[in-house]
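These notes concern the structure reproduced below.
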Amino acid sequence: MDTRIYESVLRRILFLEYPPGHILNEKALAEEFSVSRTPIREVLSRLEWEQLVRIIPRTGAIVTEIEFQKMTHVFQIRLEIEDLAGRLAGEEITEEHLKKIAAIRDECRKLFDRRDQKELVEIDFKFRDALYDAANNPVLKTISQYLYHLTIRLSYVLFERGDWLEGVQASLNEYQEVYEALARRDGEAAGKLRKKWLRVHIERIKNKF
């Protein structure tokens with residue numbers, strides 16, 4: 001699979017550049033990326049497996065709707081996975097990981113002065129990458145990333161419609177608290193904090209929608 005094309009199409013879906021119901025045209029994508037239709041089909045097949053598109057014969061690939069009941073079930077699983085990731089990261093964390101998380105935290109702080117939903121999500125991508133790199137369990141990372149992608153579109157809408165400063169402050173608080181727990185090599189606390197802040201995020205979604 002062409003990862004360049006996959007990452008590009010994936011981000012367009014996650015950032016709602018391709019909104020739910022949008023039809024992805026194989027021919028147009030092949031022309032855009034200067035490839036045959038085969039790599040495009042491989043990417044769309046992967047995205048269908050990830051439940052982000054639905055392939056309909058003689059129609060094409062359609063970006064899936066955001067199903068609130070399904071998201072509730074996904075969040076239930078994510079709560080436990082994020083707890084485990086925090087605990088593993090606490091056992092394996094290095095000074096290099098801590099430097100990355102501190103830099104990500106500082107990057108987040110700058111968003112108080114400018115509203116950029118996409119950048120806030122990109123910062124969360126970086127934070128998760130650092131955390132899961134520290135956890136050092138590629139299977140866990142793959143599963144978590146799959147579930148995260150299912151919920152991030154809903155989160156993106158929240159960042160767009162919700163109180164911007166509240167959202168940035170919540171992310172900043174999470175990064176700081178998790179950083180402090182990991183700096184102490186307290187994996188149990190880091191796991192509990194990941195669950196705590198995910199619950200806060202879930203409540204913000206419920207209250208908004």
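What to note about this one:
- Lys118 passes every criterion in (1) part of a helix (DSSP H, G or I); (2) loosely packed, with under 14 Cβ neighbours inside 10 Å apart from (2).
- Evaluation of Leu47 against the conditions (1) in contact with a helix residue (DSSP H, G or I) (Cβ under 6 Å, 6 or more places away or on another chain); (2) part of a helix (DSSP H, G or I); (3) crowded, with 19+ Cβ neighbours inside 10 Å shows that the sole unmet condition is (1).
- Filter result for the condition that a residue is in a helix (DSSP H, G or I), touching a residue at least 60 places away in the same chain (Cβ under 8 Å) and not assigned by TED's automatic domain parsing to the domain that holds Leu140, over Ile13, Ile81, Ile77: Ile13
- Candidate set: the stretch 121-136, residues that are in contact (Cβ under 8 Å) with a residue 24 or more places away in the chain and acidic (Asp, Glu); chosen: the one surrounded by the fewest Cβ atoms within 10 Å (Cβ to Cβ): Asp133
- Considering the stretch 18-56, the residues that are under 18 Å from Glu67 (Cα atoms) and of a type in the set (Asp, Glu) include one that is farthest from the chain's Cα centre (by Cα), namely Glu48.
- Extreme residue, nearest to Glu67 (Cα to Cα), among residues of the stretch 1-16 that are loosely packed, with under 13 Cβ neighbours inside 10 Å and of a type in the set (D, E, K, R): Glu7
- Criterion (part of a strand (DSSP E or B), out of contact with any Phe, Trp or Tyr (no Cβ under 7 Å at 6 or more places or on another chain) and not assigned by TED's automatic domain parsing to the domain that holds Asn136) met by exactly one of Arg58, Arg54, Arg41: Arg54
- Close pairs (6 angstrom Cβ cut-off, 6 or more residues apart or separate chains): aliphatic (A, V, I, L, M) in the stretch 155-167, surrounded by 13 or more Cβ atoms within 10 Å (Cβ to Cβ) and modelled with pLDDT of 80 or more anywhere: Leu158/Ile205
The values are calculated or read from the model by the stated rules, or taken from the named source; none is laboratory data. Computed from a predicted structure; not experimentally measured. Using ideal geometry, Cβ is built from the backbone for each residue, glycine included, and neighbour counts are taken over all protein chains shown.
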